[in-house]
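Chemist: Sharing a structure, written as structure tokens. Questions coming.
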Amino acid sequence: MILNTNISFLIVSAQQEPWNLTLQITEPSGIGNRVILGGSPNASDNTDDLDIPEPPPAPVTPYIRAWFTTPFSIPFNNLLQEYKYILSPHLEWNLSVIWASESENNSPTTITISWNRTQAVNSGLSSFEIFENKTVVANLLTEQSYSFLSTGTLHHFQIVGEHSSTNITTEHKDFEILPILLVLSVIIIVVIVALFMYKRRG
């Protein structure tokens, strides 16, 4: 019984391991930026120590700005790094990207968002996609980049991750059953020790 309890605890702990995914945002000349999203058991729906505000834009062009838009107060309304609670069935990040060209250059450029697919898979999410205008434009679990043309306008993306309902139900059941298993283990040990002491006295 104790062994089973320990195994269950280790499984739940592994499912709660923090994860992160770095998105590199670049254009052909090498100008770029990056943002970090992730999941953690220490994250909350409000601001916390894992949320890092976006720094001010570069003083000269060209540059790329990228941030996660939130409903939080300044400076946490634009985040460079945003973590969500790891066991939430639905996780969503609102990514904003803007490219500022040199003043004399008005031609469009190709912006590429790239990521490490292994990091995405390690999230444990059953679905992990990038949306633009409510349309899926990339699957983070099977692809490694997404490119789009920009003329200097602000681009809005939604990064949506989902746990399968089966996984979430199992994880929550594990949390509920652990204390019960622990109490039963203690009771069994106490009974065994009591019987052993009774037999010795007899």
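Chemist: Specify the residue that is farthest from Ser96 (Cα to Cα); the eligible residues are those in the range 47-71 that are in contact with a Phe, Trp or Tyr (Cβ under 7 Å, 6 or more places away or on another chain) and assigned to a strand (DSSP E or B).
Modeler: The residue in question is Pro53.
Chemist: Considering only the range 10-46, state which residues are surrounded by 15 or more Cβ atoms within 10 Å (Cβ to Cβ) and either at pLDDT below 90 or not in a strand (DSSP E or B) (or both). If you could, list the steps in order and put the result at the bottom.
Modeler: Filtering the range 10-46 down to residues surrounded by 15 or more Cβ atoms within 10 Å (Cβ to Cβ) leaves 12, 15-16, 19-21, 23-27, 31-40, 43.
Listed by number, the residues that qualify are Val12, Gln15, Gln16, Glu27, Ile31, Ala43.
Chemist: Step by step: first the residues of the range 47-81, then only those that are among the aliphatic types (A, V, I, L, M) and either in contact with a helix residue (DSSP H, G or I) (Cβ under 9 Å, 6 or more places away or on another chain) or buried (at least 18 other Cβ atoms within 10 Å of the Cβ) (or both), then the one that is nearest to Leu23 (Cα to Cα). Which residue is that?
Modeler: Ala66
To keep it simple, each residue is scored yes or no on (1) at pLDDT 70 or above; (2) closer than 30 Å to Thr118 by Cβ; (3) in contact with a strand residue (DSSP E or B) (Cβ under 6 Å, 6 or more places away or on another chain).
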{"position": "Ser164", "(1), (2), (3)": "yes, yes, no"}
{"position": "Ile168", "(1), (2), (3)": "no, yes, no"}
{"position": "Glu171", "(1), (2), (3)": "no, yes, no"}
{"position": "Pro179", "(1), (2), (3)": "no, no, no"}
{"position": "Val183", "(1), (2), (3)": "no, no, no"}
{"position": "Val190", "(1), (2), (3)": "yes, no, no"}
{"position": "Leu195", "(1), (2), (3)": "yes, no, no"}
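The values are calculated or read from the model by the stated rules, or taken from the named source; none is laboratory data. Being a predicted model, the structure only gives us computed values, none of them experimental. Note that each Cβ is placed from the backbone with ideal geometry, even for glycine, and that neighbours are counted across all protein chains shown.
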